[in-house]
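Colleague: Mind having a look at this structure? Questions to follow.
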Amino acid sequence: MNQTTRSYGLKQSTNSELSCNSLVFWETLVNPTRLVRALPQIRFQKQLSVPSKARAIMNSKLEQTISVWMQGEGIPVYGALTQDINADVCVVGAGIAGMTSAYLLLKEGRTVIVVDDGPIGGGQTERTTAHITNALDDRYMEIERWHGQEGARLAAESHTAAIDRIEEIINSEKIDCDFERLDGYLFTPIGESPNLLEQELQAVRRAGLSQVESILSCPLQNFDTGPCLRFPRQAQFHPRKYLAGLAKAILHMGGRIFTQTHIAKVESGTPARLRTEMGLTITAEAVIVATNSPFNDFVTIHTKQAPYLTYVLAFGVPRGQVTKALYWDTENPYHYVRLQPMPNDVPASAMLGNPLTEELLIVGGEDHKTGQADDAEARYDRLETWARARFPVNEGRRCHWSGQVLETIDGLAFIGRNPLDGPNIFIATGDSGQGMTHGTISGILLTDLIVGRSNPWSQLYDPARKTLSASDRFLKENLNVAAQYGSWVTGGDVESSEAIAPGTGAVVRQGLTKVAAYRDEHGQLHECSAVCPHLGCIVQWNHNESTWDCPCHGSRFDKKGHLLCGPANTNLVQSTGLPDASVEFKAVSV
Ligand SMILES: Cc1cc2nc3c(=O)[nH]c(=O)nc-3n(C[C@H](O)[C@H](O)[C@H](O)COP(=O)(O)OP(=O)(O)OC[C@H]3O[C@@H](n4cnc5c(N)ncnc54)[C@H](O)[C@@H]3O)c2cc1C
Ligand code: FES
């Protein structure tokens, strides 16, 4: 990590950031409905200050940036679990994978509990750009190399079925979530040979997507992309509104949803037992751990997938001037683009743009391995330059955010029985940038496995699979992880915590150990061990989100060390400084 690229001063704010982050605050003041909606969040914040042993609470809102979806209508927050409870199936994680699984299992007549330690959708599902697609991130050419022609065919079949299933659910539950079918276009960067597209077209056709075609250019007025592939019948939606609809349907069918309930441990057995952070027990015949990164699989899965941060900007564009479609290029990392109507509640629209004359253009990309770069502003700038050169963008950025995706070594998610665990413990992880379809495939496949129905996709997505043809990627990612342990013997980011400016953080060496030190806006220092509780890598400061990110397997913690996402399942251990009652105290040494 190049220290000179880091900012140890006050967090730099752009205009767009101010508009994005202050939005909720101002709207809450002027709009009583919003105040009511915000109450659960206020209650949630209050909980953090309640002394408790090793409390670990996840909520993407504890990151600094806010996505477009997080600014509109919220999902009603359900209460925490307060007593021991039992069901046929317990689903941990209320993102798209968990909520779809719960919904489909209820349809099969199973009793289902969903537990989440944040609000519904508060993980990566609120940070997605929600391209719903069967045009796979890693390209069908590669999927075919890793999984064979039949594997590629099943991948195409399953992602296509997932788009159809999302549409079916939306129609049957009458979910108002801006769902639209539209085309997707894959193009090469300027100056690159279109041969790649030709080869991809052949692979796509062999996989059974016979309607994909090569055309001369994307239907964009201001940007001649050159030849591209058109994938028909893709889709997009508003992910939070979709989850809100699923939540309503789950409750309607008798499912129970508990938020702010952290699962500390999952034990297989008949029944399986889940222990909550507060000491309550959930018993269930089957357990689905749909926490994006499974905390109950300590090593196996995490050697086969790698965490990447990805960045998104939203701009206003004149309504109707950009053809509504999904767009991707083949750069590495690739750019992804879509449109979204301006949010229709008046104050949000006023802040994001004029819904009568504008729509939002959402542009993402600039991925890097989590915890291995801290130069978000340069990445946002490059994204902006890229977007302005190709689209009729109005004025400044309207919103920006980042999030994490988990990329498997062989391009497909891990969905099925957790390896080395009991037969009734299931996981769903490794979505890459295809969590909307992979999350839906999880629901379909895990439901089949739990009710005892055979499913043609089960081997393809089996978490225990070994893909020998992807061993080069396996080696590359694991050598990269091994190299991260070198941080144990290097110096800190700064000589001492005195050098840390208010509102920012840095890793400081203290004797044999390293400390994650954050100085708040009032100048008070908060120190935790910088050692990730998963497998002991040293976390890195992320000034864009004010988080501590682990460069090994992607665990992330807020500025004071509270867990945001796994595979770690506890907070960073407080080491020195003033006590933060919500983080357990332990001395840390090497
Ligand atoms: C910027 C960005 C753009 C993306 N774009 C796309 C796209 O265009 N198309 C696409 O298909 N995918 C996209 N993705 C990927 C997609 O968003 C994710 O893969 C998907 O949302 C993951 O859903 P999930 O249900 O698996 O996990 P999450 O939504 O992260 O949900 C997991 C839940 O588990 C809870 N949890 C974790 N641990 C515990 C515990 N111990 N106890 C209780 N609860 C726990 C968390 O609080 C969280 O709510 C994108 C992702 C990002 C970040
Ligand atoms: S996430 Fe594995 S060591 Fe931190």
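Colleague: What number of residues within the range 532-560 satisfy the criterion of being within 13 Å of ligand 2 (Cβ to nearest atom) and either without any contact (Cβ under 8 Å) to a residue 24 or more places away in the chain or among the small types (Gly, Ala, Ser) (or both)?
Modeller: Final tally of qualifying residues: 3.
Colleague: Still on this structure: On the basis of being of a type in the set (A, V, I, L, M, F, W, C) and surrounded by fewer than 24 Cβ atoms within 10 Å (Cβ to Cβ), does ALA156 make the cut?
Modeller: yes
Colleague: Also, I was wondering about something else. Can you tell me which residue in the range 173-208 is modelled with the highest pLDDT, limited to those that are closer than 25 Å to LYS324 by Cα and hydroxyl-bearing (Ser, Thr, Tyr)?
Modeller: TYR185
Colleague: For the condition under 22 Å from GLY121 (Cα atoms) and either over 18 Å from the mean Cα position of the chain (by Cα) or in contact (Cβ under 8 Å) with a residue 12 or more places away in the chain (or both), what is the one hit in ILE409, ILE427?
Modeller: Details: ILE409 fails: under 22 Å from GLY121 (Cα atoms).
Within the list ILE409, ILE427, the selection yields ILE427.
Colleague: Another one. May I ask you to verify whether VAL312 is in contact with a helix residue (DSSP H, G or I) (Cβ under 9 Å, 6 or more places away or on another chain), on the phi < 0 side of the Ramachandran plot and either within 11 Å of ligand 1 (Cβ to nearest atom) or modelled with pLDDT under 95 (or both)? Before the answer, list the steps.
Modeller: Numbers: in contact with a helix residue (DSSP H, G or I) (Cβ under 9 Å, 6 or more places away or on another chain): yes; on the phi < 0 side of the Ramachandran plot: yes; either within 11 Å of ligand 1 (Cβ to nearest atom) or modelled with pLDDT under 95 (or both): yes.
Against the criterion (in contact with a helix residue (DSSP H, G or I) (Cβ under 9 Å, 6 or more places away or on another chain), on the phi < 0 side of the Ramachandran plot and either within 11 Å of ligand 1 (Cβ to nearest atom) or modelled with pLDDT under 95 (or both)), VAL312 qualifies.
Colleague: Going through the range 100-142 one residue at a time, which ones are of a type in the set (Asp, Glu), away from ligand 1 (no atom under 14 Å from the Cβ) and part of a loop (DSSP other than H, G, I, E, B)? Steps first, please.
Modeller: Quick first cut of the range 100-142, residues of a type in the set (Asp, Glu) only: 108, 116-117, 126, 137-138, 142.
Subset that is away from ligand 1 (no atom under 14 Å from the Cβ): 108, 142.
Of everything in the range 100-142, just one residue is of a type in the set (Asp, Glu), away from ligand 1 (no atom under 14 Å from the Cβ) and part of a loop (DSSP other than H, G, I, E, B), namely GLU108.
Colleague: Next question, about the same structure. Please name all residue pairs, on different chains or six or more residues apart, with Cβ atoms under 6 Å, provided the first residue is in the range 206-219 and is surrounded by 21 or more Cβ atoms within 10 Å (Cβ to Cβ) and the second residue is of a type in the set (Ser, Thr, Tyr).
Modeller: ALA207/TYR140; CYS218/TYR185; CYS218/THR225
Colleague: Scanning the range 165-202 for residues that are aromatic (Phe, Trp, Tyr) and out of contact with any Lys or Arg (no Cβ under 7 Å at 6 or more places or on another chain), which turns out nearest to HIS252 (Cα to Cα)?
Modeller: Only one residue fits best here, namely PHE179.
Colleague: Six or more apart or on different chains, Cβ atoms under 6 Å: show the pairs whose first residue is in the range 456-477 and buried (at least 20 other Cβ atoms within 10 Å of the Cβ) and whose second is among the hydroxyl-bearing types (Ser, Thr, Tyr).
Modeller: TRP457/SER158
Colleague: Pairs only if they're at least six apart or on different chains, beta carbon under 6 angstrom, first in the range 369-397 and at positive phi, second polar (S, T, N, Q); list them, first residue then second.
Modeller: Hits for this filter: GLY371/GLN540.
The values are calculated or read from the model by the stated rules, or taken from the named source; none is laboratory data. All values reported here derive from a predicted model rather than from experimental measurement. Every residue, glycine among them, receives a Cβ derived from its backbone with ideal geometry; neighbour counts consider all protein chains shown.
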